[in-house]
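Report on one structure; see the data block that follows.
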Amino acid sequence: MLVFSTRLPLKPDVSRETCIRLFIEWITKSEHYPMTIIDYDVSSRDDFETAEDGVTFAIRHYRDERVELSACRLSKRGADALWISDCVFLQEGGGKSLLIQLSCDSLLFSAQLPRVHKPYIVRMFVEGGYCRDDAGIPVTDEPLEADGDYFETCAAIMRGEYPNTMPVVYLSADYWDKTALNPGYMARQLSGVAHVFYEKSRATARRLREATGGVNAHSGYVGVYFPGTALCQKHALDNTGDFRRMSAAVIESVWKALVNRLDASLCNWNQILVLQARQRMLRWQGDSAEAKEELAYFMSTFDEENKSLREQIDELNQETYSLQAQLDALRAASRETKGGEGFFRPGEEQELYPSERSDLLRSILSQVQTRFEKDSRADVLIQSMLDANPRGGECRKTVATVRAVLTGGGRLSGSDKSRLRAAGFVIEEGGSHLKLTFRGDPRYLFTLACTPSDHRGGSNIVSDICRALDVEKKI
């Protein structure tokens, strides 16, 4: 089965000979393969095949007036699995690209496949500088800052309007201007597979909210955006437990999407064999009108069936993206219970911090519970849900900070401002007032005089903030 697939855009000066040479170099210099010499003229267009100690290497070529293809295949039969690595050079319409795929089939009676790693050949092309930009986005193993020159690019990607061909992994900044995952690590792991953008400041999320209509990943979430669609898979630490599992989940979601997409089934090794066979059949067709008509009918039937299958794959992929995005939205919006299912639907409004919805519903349920008779069915169900959804506590911390810092009135010290920022407030200074924006959301903007006249001014602003933000207040 196919376990890895990516398509690299190549620079105009990269030839098929270069691709074949690099693939051969990878094999002959690797300690994992017994072949130290592969005697093949890379400028040749002849098919080629050689085998040694359970390892087979083959090359196939195809060319017509529309497209030029050259493919290398490496097959290695191990004790527990058959590994096949393909490298397919494609030149079509003046553009060049390289399809790299890895397949693994278990030879044991087990559903568990061996651990899969990104083929080293991908790294060779990326680090060697053979890849051209993807619609202006460099194909690199370095993360890209979303805050600077790439802001408009990121906004267009999130709206599904940018012409990129590779997926994008977006690391948003949390309330302390940190990302949940290390941008450098993610960029290295996903080099040649996806672009990695990251925020240096959550102020970028506020700008993106306006530029994207609020569909941007923010507040520490990681968003995976796929070309040609505004659908986004969102990942959060709450759903995975720690950053290691979260990193693996993000990488796996990108890999799965690339393996399943239509591009993975076109112009691959098997497709080249079909094209070669068809080209030979055209040479073999007889001179009679009946023979030509029969062959034309056979090939048109094959083409129609192939086209239908491609359309079905494309439709299924779009449905998969949609369902996955819905699932990720539900997971990101609610903490999972012990049984593994959320007990409420989150709606469209995004949380300003993890567990905000859960804390709201928990507060409501705990207050309503007292109105039911002890040990009644309603009482038992509510208690079960409360036990399965522990309080996140972020709201309580925020309210406590607001009361401690602002209740007394007076000028805010540097320490006071630091505590408010740590609680999630963006502070804008200038003139005779301070502007406090909670989590960068302009709907929750509060104005505070720089020099309040008495404690009543502080108490009033505390009341305003708590009225707007406290999801655990009494009802």
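Nothing in this text is a laboratory measurement; each read-out follows from the coordinates by a stated rule. Note that this is a predicted model, so its numbers are computed, not measured. Quick reminder, even Gly has a Cβ in these numbers, built from the backbone with ideal geometry, and neighbours come from all protein chains shown.
Laid out as a table, the results:
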{"read-out": "Loop-resident sites, segment 1-75, for GluC sites (Glu not before Pro), counting at most 10 other Cβ within 10 Å (DSSP)", "value": "E31, E65"}
{"read-out": "Segment L445-R419, length gained on full extension (0.36 nm per residue, minus Cα span)", "value": "7.6 nm"}
{"read-out": "Table column - 3J(HN,Hα) (Hz), segment 3-16, Karplus curve with 6.51, -1.76, 1.60, x for Gly and Pro", "value": "10, 8, 7, 8, 10, 9, x, 9, 5, x, 8, 7, 9, 5"}
{"read-out": "Partners for K76 among lysines (Cα-Cα distance below 17 Å; same-chain residues under 8 apart left out)", "value": "K29, K118"}
{"read-out": "Where labels lie 7 Å past Cα in the beta-carbon direction, separation of D379 and R411 in nm", "value": "5.7 nm"}
{"read-out": "Point-to-point label distance, Q271-A400, nm (Cα→Cβ direction, 7 Å offset)", "value": "5.9 nm"}
{"read-out": "Radius, Kirkwood style, for segment 161-254 when every pair of distinct Cα atoms is counted (Å)", "value": "13.3 Å"}
{"read-out": "Cα-projected label distance for A248 with C466, points at 7 Å along beta-carbon direction, nm", "value": "4.5 nm"}
{"read-out": "Under Karplus coefficients 6.51, -1.76 and 1.60, residue-wise ³J(HN,Hα) of segment 376-393 in Hz, glycine/proline x", "value": "6, 4, 4, 4, 5, 5, 4, 4, 4, 5, 5, 5, 7, 10, x, 5, x, x"}
{"read-out": "Ranking of I37, I427 by count of other Cβ atoms within 10 Å, fewest first", "value": "I37, I427"}
{"read-out": "Too-long pairs where the Cα-Cα distance tops 29 Å, listed order kept, from K178/K256; K200/K397; K200/K435; K96/K234", "value": "K96/K234"}
{"read-out": "√(5λ) per eigenvalue of the Cα gyration tensor, segment 57-108, largest first, Å", "value": "29, 10, 7"}
{"read-out": "Vicinal HN-Hα couplings computed from phi for segment 426-440 (Karplus, 6.51 cos²θ - 1.76 cosθ + 1.60; Hz; Gly/Pro x)", "value": "8, 10, 10, 9, x, x, 8, 10, 9, 10, 10, 10, 7, 6, x"}
